[in-house]
1. Give, in nm to one decimal, the length gained when the segment between N121 and T23 is fully stretched (0.36 nm per residue of separation minus the Cα-Cα distance).
2. Report ³J(HN,Hα) in whole Hz for each residue of the range 107-115, in order, from the Karplus equation J = 6.51 cos²θ - 1.76 cosθ + 1.60 where θ = phi - 60°; Gly and Pro get x.
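Rule-based calculations on the coordinates, nothing more; no lab input. It should be emphasised that the depicted structure is a prediction, and the values quoted were computed from it without experimental measurement.
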Amino acid sequence: MAETQSRQQGGGSPLQSDRGKTTINDAVVVSIAAQVVQEVSGAEPQIDTGRGGGSIPGDNSPTVGELFGKVTGSSRGSRGVSVEVGETQAALDLTITVPYGRSIPEITQTMRDGVIQRVENLTGLQVTEVNITVKDVFFPNQ
């Protein structure tokens with residue numbers, strides 16, 4: 001965190017030097033953010049099954065493959081995580097579903113903090129914003 005603060009104050013970026021520059025692909029930031037979404041207790045990425053009718057009532061648990069594939073995306077794009085990556089900065093939009101009874105502000109703040117810290121530490125990009133849309137709630141174990 002001290003490295004991020006000193007980088008912001010000094011105006012330099014660890015991604016650019018006199019010997020060349022490093023470019024971070026959008027997919028890298030999507031993958032990092034998707035991992036944080038999975039790790040935050042109680043948060044589920046918004047799953048779009050593409051079946052038109054959603055899921056069977058009471059079945060709110062995607063398979064691990066569906067969860068990872070929908071969050072990280074495929075050749076058609078990502079679902080639940082979208083990013084804009086510039087040369088030194090990134091902005092993210094997340095769409096999630098949360099369990100009923102959990103504090104939405106608490107979940108989203110934990111997620112936002114985690115995404116910012118992880119993306120900045122792993123990529124050297126400065127995260128300018130993390131917008132989170134809570135699209136739905138689900139009732140676990142009913």
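1. Details: separation 98, 0.36 × 98 = 35.28 nm, distance 1.52 nm.
Between N121 and T23, full extension yields 33.8 nm more.
2. My calculation for the range 107-115 gives 4, 5, 5, 4, 5, 4, 4, x, 5 Hz in order.
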